[in-house]
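Beneath this line is the structure, given in structure tokens, with notes to follow.
Nothing in this text is a laboratory measurement; each read-out follows from the coordinates by a stated rule. Remember, it's a predicted structure, so these values are computed and weren't measured experimentally. Cβ placement follows ideal geometry from the backbone for every residue including glycine, while neighbour counts extend to all protein chains displayed.
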Amino acid sequence: MSSPQVAIIIGSVSDRPLIEEAVTLLKQFDIGYWLRVASAHRSPAFLRQVIQKAEKAGVRVFIAVAGGAAHLAGVIASETLLPVIGVPVETKLSGGLDSLLSMVQMPGGVPVGTMAVGRTGALNAVLYALAILGLQDKRLRKKIGNYRRELEEKVKKANRE
Ligand code: RP5
């Protein structure tokens, strides 16, 4: 696989199933990625190391996946100048509203681009990362265009059926 351009950091191994589809999409687009487990609360020093190593490896976008008191994306954003995309995980308490608000309500100056809760958010996080990478990659932009056309074709096919 090519050198990593995207680092996906999940707050717990329990978040792993949520990102399956998103990881598959990254592979389909042939984008090199890292997947790491690191918690803002349980392993803050390790998280810092992961961020630094990812930057050194050439990663250009972070995707952070966390639930509950979901500070992972915000902490990453405080440690890097690279874009950080947050995916809030569904929770038993509120369906994920707690995760969403923890992630989206960043203080002015340190943004996190927060996606929808759950699998859709994870998928869109990858597509958003691809759009960022596509700014300097014409071939990637073309692939994103093809992906969008496939979505449209599925809608039209559903009508034909
Ligand atoms: C967060 O707490 C993780 O991102 C996960 O979504 C949630 C629960 O973690 P576990 O208790 O399952 O490890 O930090």
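Structure data summary
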item	result
Test for Gly95: is it touching an Asp or Glu at 6+ places or on another chain (Cβ under 8 Å) and surrounded by 10 or more Cβ atoms within 10 Å (Cβ to Cβ)	no
Condition check for Ala38: under 20 Å from Thr120 (Cα atoms), within 15 Å of the chain's Cα centre (by Cα) and small (Gly, Ala, Ser)	no
Within the stretch 1-46, tally of residues that are away from the ligand (no atom under 13 Å from the Cβ), exposed (fewer than 13 other Cβ atoms within 10 Å of the Cβ) and assigned to a loop (DSSP other than H, G, I, E, B)	4
Single residue of the stretch 56-80 satisfying the filter (over 16 Å from the mean Cα position of the chain (by Cα) and more than 12 Å from the ligand (Cβ to nearest atom)) that is surrounded by the fewest Cβ atoms within 10 Å (Cβ to Cβ)	Lys56
Pairs where the first residue, in the stretch 13-42, is closer than 13 Å to Gly118 by Cα and the second is β-branched (Val, Ile, Thr) and outside any strand (DSSP E or B), C-beta under 9 Å, 6+ apart	Ile19/Val126; Glu21/Val126; Ala22/Val126
